[in-house]
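Student: What follows is a single structure, and I will ask about it in a moment.
The values are calculated or read from the model by the stated rules, or taken from the named source; none is laboratory data. Being a predicted model, the structure only gives us computed values, none of them experimental. Positions of Cβ are generated from backbone atoms using ideal geometry, with glycine treated the same way; all protein chains shown enter the neighbour counts. These accessible areas exclude ligands, DNA and RNA; they are computed on the full protein's heavy atoms, side chains included. Shrake-Rupley method; radii C 1.70, N 1.55, O 1.52, S 1.80 Å.
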Amino acid sequence: MRAMVLDKPRHPLQLRDVEKPRPARGELLVRIATCAVCRTDLHVVRWRTTGSKLPLIPGHQIVGYVEEIGEEVDSKFKVGDRGWYSVAWLD
């Protein structure tokens, strides 16, 4: 998949191909249609305030479609569902 990747704070994001993730237990894999950039994203790119390990892919407010469902996910989610999701940065 293609992503804008932050390697170092205060450096430009780099467009690159990265390995497509697999959903772990309790997770959804969402194909992103639109990604918002918020103040938190700007702080991460400029000053890396989250403590997350680099490299990272900023952007945690997304609209997309459920592509895969991990084990133990609430049955209200179905492949193909469209929705708004807020994603946490996890190490």
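Student: Loop only per DSSP, at most 11 neighbouring Cβ atoms within 10 Å: give me the trypsin sites (Lys or Arg not before Pro) in the stretch 1-34, ordered by residue number. Mind dumping the intermediate values first?
Tutor: On the way: sites: ARG2, ARG10, ARG16, ARG25, ARG31; in loops: ARG10, ARG25.
Answer in residue order: ARG10, ARG25.
Student: Right, another one. Sort HIS60, HIS43, HIS11 by heavy-atom solvent-accessible area, probe 1.4 angstrom, most to least. Mind showing how you got there, number by number?
Tutor: Numbers: HIS60 25, HIS43 60, HIS11 95 Å².
The most accessible residue leads, giving HIS11, HIS43, HIS60.
Student: Work out how much length ARG22 to THR34 would gain on full extension: take 0.36 nm times their residue separation and subtract the Cα-Cα distance, in nm to one decimal.
Tutor: 2.3 nm
Student: Next question, about the same structure. What dipole magnitude, in Debye to the nearest 20, does the chain give about its Cα centre under +1 on Lys/Arg Cβ and -1 on Asp/Glu Cβ?
Tutor: With Lys and Arg at +1 and Asp and Glu at -1, about 440 debye.
Student: Right, something else. Going by accessible area, probe 1.4 Å, with all protein chains left in place, what is the ranking of GLU72, GLU27, GLU19, largest first? Each step should come with its number before you reach the end.
Tutor: Details: GLU72 145, GLU27 75, GLU19 165 Å².
Largest accessible area first, the list is GLU19, GLU72, GLU27.
Student: Something else now. Please list, in order along the stretch 35-40, the HN-Hα scalar couplings obtained from phi with the Karplus expression 6.51 cos²θ - 1.76 cosθ + 1.60 (θ = phi - 60°), rounded to whole Hz, x for Gly and Pro.
Tutor: 10, 8, 10, 10, 4, 4
Student: List the residues, sorted by chain then number, that are 5 or more residues from VAL73 or on another chain and whose placed amide H is less than 5 Å from its amide H.
Tutor: Excluding prolines and chain starts, which carry no amide H, the hits are GLY26.
Student: Please compute the alpha carbon radius of gyration of the stretch 1-67, then divide it by the globular-protein estimate 2.2 N^0.38 Å. Two decimals is fine.
Tutor: Output field value: 1.15.
Student: Considering only TRP84, HIS60, PRO9, whose Cα is most displaced toward the positive end of the charge dipole of the chain, charges sitting on Cβ of Lys, Arg (+1) and Asp, Glu (-1)?
Tutor: PRO9
Student: Right, another one. Quick one: which residues, 5 or more positions from GLU68 or on another chain, have an amide H under 5 Å from its amide H? H modelled 1.01 Å from N in the peptide plane, none for Pro or chain starts.
Tutor: Under 5 Å from the amide H of GLU68: LEU29.
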